[in-house]
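Heads up, the thing below is written out as structure tokens.
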Amino acid sequence: MTTLTAPSPKLLADPEIVPPLHNGDQLSQPEFHRRYEATDPGVKAELIEGIVYMASPVGPEHGQGHIQLGGPFWMYQGATPGVQAQDNSTVILGESSEPQPDLHLRVLPTFGGRVRQNRKGILTGPPELVAEVAHSSEAIDLHGKRRDYQNGGVLEYLVLLIRDSSLRAFDLRSGKDIPVDSDGVYRSKVFPGLWIDVDAVFRGDVQRSQRVMNKGLKSPEHAAFVKRLKKAVPAKRSARK
């Protein structure tokens, strides 16, 4: 059960004093963001389904999984014009949602993407694909965050489960799991050619991970996707002339 703590009379009387964030606070996105901006930069907090979650210190297992899953995202960006990978970027998804996903892939606005930057430089709108590395955060990543991303319009969601050495993927449009293929490779539905060898990620086998990714990037599906992305740019340019 969530416990709400009433602010002191001094905080209520002086609008210049920004109340601190507490784990479990129930806040709107604007109020969460106001308090988060006043928080120590070393503190990570997220607003999920209107509830504040303060991150615990990150252990080595999480950090290693993060960098090993990030490798395929980086390779995909390099081979796919119009797609950008991001690490730990805040994203505003709605009036009760401001998560900070471990990783995400998005189509840039000039190529038809949905994410924009507001006047403060914060991303607003749903990335096409979001990924979380789950160790101590497994429960929230698989449930609360999954619902939050689905309600916010994210299309595809990955959770790298450190304890189980497994990857779970979800098609958030249908609400169904996306199975890893029989060869142990996850093939994205939203970003064709994003092929992730799950075992290679957990074993830190960089060469194998790169080989599998290169196969995905040379696939006909990836070539067709790049072609579709490039078609979006000339149309926008000609419309401005």
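Quick notes on this structure:
- Candidates in the stretch 116-138 are the residues that are of a type in the set (A, V, I, L, M, F, W, C) and at pLDDT 95 or above; of these, the one that is farthest from Lys230 (Cα to Cα) is Ala131.
- From the list Tyr149, Tyr157, the lone residue that is of a type in the set (Ser, Thr, Tyr), touching a Phe, Trp or Tyr at 6+ places or on another chain (Cβ under 6 Å) and closer than 19 Å to Val52 by Cα is Tyr149.
- Pairs linking a residue in the stretch 50-69 that is farther than 21 Å from Arg168 by Cα and modelled with pLDDT of 80 or more to a residue that is surrounded by fewer than 15 Cβ atoms within 10 Å (Cβ to Cβ) and among the hydroxyl-bearing types (Ser, Thr, Tyr), with Cβ atoms under 7 Å and 6 or more positions apart or on different chains, are Ile51/Thr2.
- Members of the stretch 96-124 found to be within 22 Å of Gly63 (Cβ to Cβ) and assigned to a strand (DSSP E or B), listed by number: Leu103, His104, Leu105
- Where a residue in the stretch 214-230 is in the same structural domain as Arg106 (by TED's automatic domain parsing) and its partner, wherever it lies, is surrounded by fewer than 19 Cβ atoms within 10 Å (Cβ to Cβ), with Cβ under 6 Å and at least six apart: Leu217/Ala79
- Of the set (1) part of a helix (DSSP H, G or I); (2) surrounded by 21 or more Cβ atoms within 10 Å (Cβ to Cβ), all apply to Pro127 but (1).
- Which listed residue, of Asp181, Asp148, Asp141, is at pLDDT below 95 and in the same structural domain as Val107 (by TED's automatic domain parsing): Asp141
- Within the stretch 104-124, the residues that satisfy the criterion of being without any contact (Cβ under 8 Å) to a residue 40 or more places away in the chain, surrounded by 19 or more Cβ atoms within 10 Å (Cβ to Cβ) and touching a Gly at 6+ places or on another chain (Cβ under 6 Å) are Arg106, Val115.
- When Ser56 is tested against (1) closer than 30 Å to Lys230 by Cβ; (2) part of a loop (DSSP other than H, G, I, E, B), only condition (1) is not met.
- Considered as a group, the residues in the stretch 159-196 that are over 18 Å from Ser136 (Cβ atoms) and touching a residue at least 40 places away in the same chain (Cβ under 8 Å) include one that is surrounded by the fewest Cβ atoms within 10 Å (Cβ to Cβ), and that residue is Val190.
The values are calculated or read from the model by the stated rules, or taken from the named source; none is laboratory data. All values reported here derive from a predicted model rather than from experimental measurement. We place every Cβ from the backbone using ideal geometry, glycine too, and count neighbours over all the protein chains shown.
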